[in-house]
1. Search segment 46-65 for residues being among the β-branched types (V, I, T) and touching a Phe, Trp or Tyr at 6+ places or on another chain (Cβ under 9 Å), and hand back the single one that is nearest to T28 (Cα to Cα).
2. Please go through segment 66-92 and pick out each residue that is open to solvent by less than 80 Å² (accessible area, probe 1.4 Å), closer than 18 Å to E24 by Cα and hydrophobic (A, V, I, L, M, F, W, C).
3. Do you know which of the residues in segment 1-29 that are over 30 Å from L57 (Cα atoms) and open to solvent by 100 Å² or more (accessible area, probe 1.4 Å) is modelled with the highest pLDDT?
4. Of all the residues that make up segment 38-65, how many are open to solvent by 70 Å² or more (accessible area, probe 1.4 Å), of a type outside the set (A, V, I, L, M) and farther than 21 Å from K12 by Cβ?
5. Looking at segment 30-37, can you tell me whether even one residue there is among the charged types (D, E, K, R), surrounded by 10 or more Cβ atoms within 10 Å (Cβ to Cβ) and in a helix (DSSP H, G or I)?
Amino acid sequence: GKQATEEIWVTKLERPAGYEVEAESHGTHYLSAYRFEPLGDGRTAVSLTFTGTPVALAAKLMSPLALLFKRSSAKAFRADLEQLKAVCEKPA
């Protein structure tokens, strides 16, 4: 239930197919890949793939507990996608 702010950077941009962002936090390397697929009727399907790879010893030891955060992480990702949708649908 706590808020957190993380610094991320865009590491790959493939217009119009998608992009990737990465971050390092608490001994873990994070990668989020967003993919866009036109549906042919003016709509676009958006998919998000997320991975977190522990790189520090403490993160490696704690990685089995990551399953406990699965539900809250999914909720945060849905919120991220809703924010992306709102920005994309905003009139210019």
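1. T53
2. Scanning segment 66-92 gives A66, A76, F77.
3. Filtering segment 1-29 down to residues over 30 Å from L57 (Cα atoms) leaves 13-18.
This time we only want the ones that are open to solvent by 100 Å² or more (accessible area, probe 1.4 Å), so: 13, 15-16.
Numbers: L13: 97, R15: 94, P16: 92.
Per the stated criteria, the residue is L13.
4. 6
5. Looking through segment 30-37, none of the residues is among the charged types (D, E, K, R), surrounded by 10 or more Cβ atoms within 10 Å (Cβ to Cβ) and in a helix (DSSP H, G or I).
Here's the yes/no breakdown for (1) within 20 Å of K75 (Cα to Cα); (2) polar (S, T, N, Q); (3) part of a strand (DSSP E or B):
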residue: A4; (1), (2), (3): yes, no, no
residue: T11; (1), (2), (3): no, yes, yes
residue: V21; (1), (2), (3): yes, no, yes
residue: D41; (1), (2), (3): no, no, no
residue: S47; (1), (2), (3): yes, yes, yes
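The values are calculated or read from the model by the stated rules, or taken from the named source; none is laboratory data. Keep in mind that what you see is a predicted model, and the values were worked out from it rather than measured. Methodologically, a virtual Cβ is constructed for each residue, glycine included, from the backbone with ideal geometry; neighbour enumeration extends over all protein chains shown. Calculation scope for accessible area: heavy atoms of the full protein, side chains included, ligands and nucleic acids excluded. Shrake-Rupley method; radii C 1.70, N 1.55, O 1.52, S 1.80 Å.
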